[in-house]
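Everything below concerns the one structure shown next.
The values are calculated or read from the model by the stated rules, or taken from the named source; none is laboratory data. None of the values given here were measured: they were computed from a predicted structure. Positions of Cβ are generated from backbone atoms using ideal geometry, with glycine treated the same way; all protein chains shown enter the neighbour counts. In case anyone asks, the SASA skips ligands and DNA or RNA and just uses the protein heavy atoms, side chains included. Shrake-Rupley method; radii C 1.70, N 1.55, O 1.52, S 1.80 Å.
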Amino acid sequence: MSQTAILSSTLSPDFDRARKLSRVMAVLFTIGFWLALAGAILILATPLDPIIERGGHGLVGHGNVGVGAAGITVSLEGLSVVQCVWVMLALEIAILPVVFLMHHARRIFGHFARGEIFVLPVIVNIRQAGLWLILSFFAPIVGNTALNALKLSHGQADGTAWPLVIGIVTFIAAHIMAEATRIAAENAEIV
């Protein structure tokens with residue numbers, strides 16, 4: 001019998017509510033993942049704006065065209081193709097950690113919905129989610145700094161320290177879960 005099957009059979013009936021909520025969370029994080037991925041893909045079109053503008057057709061009509069992600073907003077008006085490529089890279093730096101965070105979060109809750117709790121894939125995904133959460137704090141700072149290097153942005157990226165704090169706590173919790181799993185495995189061998 002696998003460790004997953006053993007854990008699933010020993011879960012209390014009270015866990016059914018957590019399993020249902022985990023299914024809901026898995027769906028919400030899946031939607032968030034696909035939206036963040038769509039945003040990351042749309043940002044790849046940023047360098048096309050000046051090319052289309054020169055042909056007389058703007059991406060969003062005529063006027064001030066801007067793009068943004070993860071608290072960073074940049075006007076594309078008057079920028080060259082090379083500058084738009086730089087903007088695209090800065091915005092991708094800011095949004096990709098969110099894409100990976102959503103991916104790992106949906107996998108975590110998918111495991112929970114199946115009754116898999118203290119198993120290696122869950123622990124790995126929790127550790128990865130914590131890491132990407134930490135990176136999602138620093139990524140807008142790096143992206144905004146890249147924009148400031150070319151004087152394409154004014155001010156700082158909007159943000160809070162909570163992703164950093166929660167990311168560190170999540171990363172530590174994954175290590176504690178791994179240790180608890182190791183101790184439980186050792187105790188099971190003794191019995």
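Quick rundown of the values:
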item: The stretch 89-158 - percent relative contact order, Cα under 8 Å, separation 6 or more; result: 46 percent
item: Net length gained if the chain between L44 and E186 were fully extended (0.36 nm per residue, minus Cα distance); result: 46.2 nm
item: Accessible area (Å², 1.4 Å probe, nearest 10) - H104; result: 20 Å²
item: In nm, spacing of pseudo-spin labels at T73 and R23 (7 Å Cα→C-beta vector); result: 4.0 nm
item: Exposure of T145 as accessible area (Å², to 10), given a probe of 1.4 Å and all protein chains; result: 80 Å²
item: Environment charge at P121 (Cβ cut-off 14 Å; Lys +1, Arg +1, Asp -1, Glu -1); result: +3
